[in-house]
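Below is one structure, written out as structure tokens; the observations come after it.
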Amino acid sequence: MPIVLKWGAGLTAGMNALADLRLQIEWGADEALQEEAVDRLAAPLPALPPRMAARPVVAERAPARPVAAVLEPAARPSLTPAARPSLTPAAPAQRAHEIAAGCHSLGELRAALAAFDGCPLSATATNLVFGDGNPSAGLMLVGEGPGAEEDRAGVPFVGASGQFLDRMLASVGLDREQYYITNLIPWRPPGNRNPTDQEVVVCLPFLLRHIALVRPKILVLLGNLSVQAVTGSKTGITRVRGKWQEVTVPWVERPIRALPMLHPAYLLRNHGAKREAWADMIALRRALDGA
Ligand code: URA
């Protein structure tokens, strides 16, 4: 029997609800993290304690940590009005560079990133995704940015593409004790969208400092975003993959050998490209063996 849909209040309400859901997914709210849905519109607003309600809004903000406190003495800016940082779009990237330069261990870098408020992604992510594996191994891999699983766990490459990457590396005898892994972007972009240019520019100084502190002998750059950000080249990944490069990283005296590779998420969607990825894995194994 054919089903006849009548255009009425019920159908309109259903379509509106569907449109609302689509909008939420576009905004990045694509996961339910609680068993029960919370109707925040129905819940009464909690009353503020009188002391908080009376205080001006500006007093609620934590006092900003002075940049000078985390910079090397030579890099400390003079705080004369003329030298004060301007509120241009470049300011967060400059601040990121100064803060990163002041970090002298991975622990300091992680803490500085956790306290950094210059990238809007930190406000929407569940966890900072810093790094995993063995920083003394001599091999460092750099991906693009965390997905949903990484965001939940606070660990890079634990989702489907991470598990696939683990299997590829295991096939040439490498596990996470034999490499260190991180991402260009340490916070998940909502809905897994690509990071904006501004987000990349702000996160890059932290990645470069991360590389400088790990000082790997070999760097593997996974995917277009990380290759282009670290090498500064605009050539697409399919043309540069498998071609060894020497990359210059601030704070590191000698160039580092870097191998651009296809991103494992791309390989999961493009099975035909696995043959090239396999050739790159073998080239990586040979380089590690000093061949
Ligand atoms: N893709 C990435 O580039 N990084 C992760 O951590 C996970 C997926």
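Throughout, read-outs are computed from the coordinates displayed, never taken from laboratory work. Keep in mind the model is a prediction, meaning the values are calculated, not measured. Because the Cβ atoms are built from the backbone with ideal geometry, glycine has one as well, and the counts that use them run over all protein chains shown.
Numerical summary
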item: Within the range 126-209: Cβ-based charge dipole about Cα centre, in debye rounded to nearest 20 (Lys, Arg +1; Asp, Glu -1); result: 40 debye
item: Ranked E253, E177, E276, criterion: other C-beta atoms within 10 Å, fewest first; result: E253, E177, E276
item: Total charge dipole magnitude, the range 182-291, about the Cα centre, Cβ charges on Lys, Arg, Asp, Glu only, Debye to nearest 20; result: 260 debye
item: Selection of trypsin sites (Lys or Arg not before Pro), the range 220-291, meeting DSSP coil and at most 16 other Cβ within 10 Å; result: K234, K243
item: Assigned charges on the beta-carbon of Lys, Arg, Asp, Glu; the range 200-251 dipole about Cα centre (debye); result: 120 debye
item: Where the Cα pairs of the range 187-240 fall when distances are cut into 5 Å bins, in %; result: 4, 16, 25, 26, 20, 8, 1
item: Under the Debye formula (equal points on every Cα, no solvent term), log10 I(q)/I(0) of the range 141-254 at q = 0.21, 0.22, 0.23 Å⁻¹; result: -1.37, -1.48, -1.57
